[in-house]
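Quick note: the coordinates plus some simple rules give every number you see, no bench work behind them. Quick caveat, the model's predicted, so the values are computed rather than measured. Positions of Cβ are generated from backbone atoms using ideal geometry, with glycine treated the same way; all protein chains shown enter the neighbour counts.
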Amino acid sequence: MPNNNVILPPKMIGIIGGGQLGRMMAIAAKYMGYRVAVLDPTADCPAAQVADHHVKTAYDDETGIRKLIEMSAIMTYEFENVDVEAAAMAQQQGKLPQGTAALEVTQNRKREKTVLYESDLPVPNFSVVTNAAECEAALEQMQLPAVLKTLSGGYDGKGQQKVTTKDDIPAACTFADKHNACIVEEWIAFDKEISVVFTRAQSGEVIFFPIGENEHKEQILYKTVVPASISETVYQKAQEAAKVIAEKLNVVGTFAVEMFVKDDAIYLNEMAPRPHNSGHYTIEACNVSQFQQHIRAICGLPLMPVRLLQPAVMVNLLGEEAQTAFSMTSTWQNGFVHFYGKEAAKPKRKMGHITFTDETLAEVHNRFAAYKEETK
C-alpha cells in the first residue's frame, strides 16, 4: 500500500541506483532540504557525489538493502531494473510509495505490452517467441520491417535487432535462440516520437509536463524539443493514454511513456517508472522539474501546477562528444550544461546534457545550430 504520511525535511530519502537520474533526484531533494542516501555498487558514482550517505553494495544485497531501509524515511529508485525482492522489502516497511507493480511490468516487455493491449491502448502488433522456429513463424506472419527485442534488460538500442527484409530473418532467428525469449514487434513507420512525462501523487492527482518531441541517433535519444509539433488531437490522445496507465499501475511519482505518432494516430512504445532522459529539459524550462515533482510525490507533498517558462531543446552528450562540450564551458554562454560526474567517457555512454532555452522555438533552434557549428 502507498505510504500516505507526509515526509518533511530534513528526513532521509533513500535512492536505489547511483546513476545520473539518481544524482538529479538527489540534487532536487537536497535543494528542498532533505538528506539523501544512495545504494549503488560503484564507488564515487554520480548520485553518491551529491548524497549524504553511500551504501556501496549490489542492488540485490539483502544486508545493504536493509541498511538503506533502516536509515531512510522514504525510498525511491532511479531505474527500472531494480531487484523486485529488494523493492518489496522496502514496500513492506511502508517506505516505497511507488510499490513494485510498475517495476514488475516495465522490467519485462511481454508484461508491458500485455498490460497496454489489455487496457485497450494502441500498440504495434507483437508476439512473443522462445526459439528460432517460433521467431521465423512470427516474422512470416508479420509485415516487415519488424524489430526483435529481448524481454528484459535492453535500453538505448541494446538487446534489439531490426529485421528489414527476409534476408535478415536468419540473423533474427539466431538472436531469438541466443536470448531464449524475445518479443517480435511491428516496425511503425512513424512521423515522429514523443514523450509524455507526468507525475502522479499518492492522492491520485496527475500533473503533466509539456509533451516533448524526440530524435534518436543509433537508437539512443539524441535530443528532445519542447513543445512538440503535434496536433491538439494527438496531444489529447497522448495524455489520455498516459492517464490510463497511471491509474492501471497505481503510479506514484514521475513516470514517462514513449509513443510513436503517425498522422493523428498514436502507438505506445515503452514506459519508464521514474524520471526520464526526455524530461531533463524541465530543470530549466519549467517552473518545477520532473525531479522536484517526483520528490514531492513520494514524500506526500502536493504537486505543483506545471508551466513551460520557455521553449527548449535538450541534447544528450555522449562519451565521444562530452570532452568537446566540456572544453567549451570556460567561454561558452549558449546553453545550460550538465555533466554527470562519470569517471570514464565511453562511446555511446551518456556523460551529460545541454538544455537550450529562448523566447521562441525558432530562437532555440538557432542556439542549437550555433552549438553544432562550434562543435564540428
Next item on the list: Determine the distance separating the Cα centre of the stretch 325-376 from the Cα centre of the stretch 235-306; give it in Å without decimals.
Entry: 24
Check: From the Cα gyration tensor of the chain, with a ≥ b ≥ c the square roots of its eigenvalues, which class applies: rounded if a/c is under 1.5, or else prolate if a/b is larger than b/c, or else oblate?
Finding: rounded
Note to self: Quick one: 3J(HN,Hα) in Hz for the stretch 260-267, Karplus 6.51/-1.76/1.60 with θ = phi - 60°, rounded, Gly and Pro as x.
What the structure shows: 8, 10, 10, 6, 9, 9, 10, 9
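Sort F291, F326 so that the residue with the fewest other Cβ atoms within 10 Å of its own Cβ comes first and the one with the most comes last.
On the way: F291 26, F326 15.
Ranking F291, F326 by Cβ neighbours within 10 Å, fewest first, gives F326, F291.
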Next item on the list: Counting other Cβ atoms within 10 Å, keep those with at most 15, restrict to DSSP loop, and tell me which chymotrypsin sites (Phe, Trp or Tyr not before Pro) in the stretch 130-215 are left.
Entry: Y155
Notebook entry, point to check: What ranking do 292-304, 108-120, 229-241, 46-58 get when scored by the average of other Cβ atoms within 10 Å per residue, highest first?
Noted result: 292-304, 46-58, 108-120, 229-241
Next item on the list: Report, in whole Å, the centroid distance computed from the Cα atoms of the stretch 162-215 and the stretch 47-114.
Entry: 24
Notebook entry, point to check: How high is the FRET efficiency between A88 and T114 when r is their beta carbon distance and R₀ equals 22 Å, given to the nearest 0.05?
Noted result: 0.55
Item checked: Percent breakdown of C-alpha pair distances by 10 Å bin, ordered from the shortest bin, for the stretch 12-96 -> 21, 59, 19, 0
Margin query: Please state the shape class of the stretch 192-374: rounded when a/c is under 1.5, otherwise prolate if a/b exceeds b/c and oblate if not, all from the C-alpha gyration tensor.
Written below: prolate
Note to self: Which trypsin sites (Lys or Arg not before Pro) in the stretch 149-210 sit in a loop by DSSP (not H, G, I, E or B) and have at most 13 other Cβ atoms within 10 Å of their own Cβ?
What the structure shows: K158
